[in-house]
Amino acid sequence: METVIVLFNRDLRVHDHPALSAACERARRVLPLFVLDPGVPPGRRGPFLAACLADLRESLRSRGADLVVRRGDAVRETLRLARETSASAVFTSADVSELARTRQRRLAEGIEVRRFPGVTVVPPDLLRPSGGGDHYRVFTPYWRAWQQAARRAVLPAPPRVPFLQGIDPGVLPDADRRGGETLARERLRAWSARHLAHYGEGHDDLAGDTTSRLSPYLRFGCLSPLEVSTLDNDAFTRQLCWRDFHHQVTFAFPRINRDDYRPRGHQWRDDEEALQAWKAGQTGVPIVDAGMRQLLSEGWMHNRARLITASYLVKHLRIDWRRGAAHFFDLLLDGEVANNFGNWQWVAGTGNDTRPNRTFNPLRQARRFDPEGRYVRAHVPELADVPAAHVHEPWHAPAPVRAYPPPLVLF
């Protein structure tokens, strides 16, 4: 091949990038491309995405190439660049969302498109239940099959990317300092050295905050999930398997972000005031409010807090899971379709949980995973002076906390 476009999307890295590696091997000229599509606004993730793109551009420049950045409809801009450069094919990483697959189908109508793995550890259409069906509906048998599945080799970063010179690379948007493959790989090394061995015991400790916080980097593909899965810790790799599980569900059920995967006849309440209180971290339930305020301030939330806050919305306030999932998707740096909406449906009882009536009691969860109230105190400063015995139930404190609202729901 003479010239190939490598269309980046959720794979903003040079290490273990099958599409990029294949293009470097098979084409005389390679055009790395990212399209900022106004039809898919990044929202709060914009500065983080920009940092990922800036780091990717530097990595490509150190290999003799550049990252070409365009603005507009991703398909039209890719085809426009192909015409300008006489590119004969587009190499890209296969994705699972309805939007991504529609985009790739549209692109294939105008140019040869070759799809490569890289977004998940195991390709989402690889594993099938022995009893029939196109995907696994329950996690545990998927976990067993996933552990035994063959893996492709982890690929090194190409030492050189043969770039087509004379192309206007385009201007990157303003970035923050948190994103990108370089920082992600540094964080992975530092975190695994300090905390990986104790992940199983510590990952649910809300105040300990020893989780990897790698999810935003995995969401934007700054890290290869396959490479990360080579870490030797079953509790940690199980979380990567959950990520793959939701991707294979989404591949089979692309409407996961709007339709019940398993309709169960839920009757949701329309309570806008309660929804807004939940979003603002003003429910009067400290562990719920701590999680929601962490989301507002950091664009991230501890996984245990995600379960607690989501369960509170759908099981106690009985508000439609779609309302909560949309709020998380808007604010989370790691917000993406498969994990976000798959997990929300799991909590709501409309998804893949084998116990659809499962409910997380926020007070029991708080006492178990934040026994000293340190997580609550870090995010709900109104309760800083409440005695430890009452920090999770300030309405029982000897002195009333006037700056803190009464609970929407009593437990």
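Data overview
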item	result
Residue pairs meeting the criteria (Cβ under 9 Å; at least 6 apart or on separate chains; first assigned by TED's automatic domain parsing to the domain that holds residue 297, in the range 358-380; second surrounded by fewer than 24 Cβ atoms within 10 Å (Cβ to Cβ) and basic (Lys, Arg))	358/315; 359/315; 360/315; 365/304; 369/304; 370/304; 379/293; 380/293
Which numbered condition residue 110 fails, given (1) in contact with a helix residue (DSSP H, G or I) (Cβ under 8 Å, 6 or more places away or on another chain); (2) buried (at least 18 other Cβ atoms within 10 Å of the Cβ)	(2)
Residue among 152, 160, 178 that is in contact with a helix residue (DSSP H, G or I) (Cβ under 8 Å, 6 or more places away or on another chain), outside any helix (DSSP H, G or I), closer than 30 Å to residue 129 by Cα and not aromatic (Phe, Trp, Tyr)	152
Breaking point among (1) assigned to a loop (DSSP other than H, G, I, E, B); (2) surrounded by fewer than 21 Cβ atoms within 10 Å (Cβ to Cβ), for residue 240	(1)
Single match in 99, 127, 107, 81 (criterion: in the same structural domain as residue 225 (by TED's automatic domain parsing) and hydrophobic (A, V, I, L, M, F, W, C))	127
The range 12-44 - residue that is at pLDDT below 95 and within 17 Å of residue 215 (Cβ to Cβ) and, of those, surrounded by the most Cβ atoms within 10 Å (Cβ to Cβ)	42
The range 262-312: number of residues that are free of Cβ contacts under 8 Å to residues at least 12 places away in the same chain and among the small types (Gly, Ala, Ser)	1
Criterion (surrounded by 15 or more Cβ atoms within 10 Å (Cβ to Cβ), touching an Asp or Glu at 6+ places or on another chain (Cβ under 6 Å), farther than 22 Å from residue 239 by Cα and of a type outside the set (Lys, Arg)) met by exactly one of 155, 206	155
Number of positions in the range 151-175 that are more than 24 Å from the chain's Cα centre (by Cα) and small (Gly, Ala, Ser)	2
Pick from the range 82-93, criterion outside any strand (DSSP E or B) and buried (at least 21 other Cβ atoms within 10 Å of the Cβ), ranking: nearest to the chain's Cα centre (by Cα)	82
Criterion violated by residue 172 - all others in (1) free of Cβ contacts under 8 Å to residues at least 60 places away in the same chain; (2) in contact with a Leu (Cβ under 6 Å, 6 or more places away or on another chain) satisfied	(1)
Counted residues, the range 45-71 - those being touching a residue at least 12 places away in the same chain (Cβ under 8 Å), out of contact with any strand residue (DSSP E or B) (no Cβ under 7 Å at 6 or more places or on another chain) and in a loop (DSSP other than H, G, I, E, B)	1
Condition broken by residue 98, with the remaining ones in (1) surrounded by 15 or more Cβ atoms within 10 Å (Cβ to Cβ); (2) touching a strand residue (DSSP E or B) at 6+ places or on another chain (Cβ under 9 Å) satisfied	(2)
Helices (runs of 4 or more DSSP H) within the range 305-401 that include 2 or more residues crowded, with 17+ Cβ neighbours inside 10 Å, within 23 Å of the chain's Cα centre (by Cα) and aromatic (Phe, Trp, Tyr)	321-331, 337-348
Failed item in (1) of a type in the set (Lys, Arg); (2) closer than 30 Å to residue 116 by Cα; (3) surrounded by fewer than 19 Cβ atoms within 10 Å (Cβ to Cβ), with residue 269 passing the rest	(2)
Unmet criterion (only one of (1) part of a loop (DSSP other than H, G, I, E, B); (2) over 27 Å from residue 123 (Cα atoms)) for residue 40	(2)
Filter pass, residue 193 being outside the structural domain of residue 54 (by TED's automatic domain parsing) and part of a loop (DSSP other than H, G, I, E, B)	no
Neighbours by Cβ (under 9 Å, 6+ apart or cross-chain): first from the range 190-203, more than 16 Å from residue 369 (Cα to Cα); second of a type in the set (A, V, I, L, M, F, W, C) and in a loop (DSSP other than H, G, I, E, B)	191/214; 192/231; 196/231
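For (1) assigned to a loop (DSSP other than H, G, I, E, B); (2) acidic (Asp, Glu); (3) not assigned by TED's automatic domain parsing to the domain that holds residue 240, each residue gets a yes or a no:
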residue: 131; (1), (2), (3): yes, no, no
residue: 140; (1), (2), (3): no, no, no
residue: 172; (1), (2), (3): yes, no, yes
residue: 216; (1), (2), (3): no, no, no
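The values are calculated or read from the model by the stated rules, or taken from the named source; none is laboratory data. What you are looking at is a predicted structure, and each value in this text was computed from that prediction instead of being measured. No Cβ is skipped: glycine too gets one built from the backbone with ideal geometry, and neighbour counts run over all protein chains shown.
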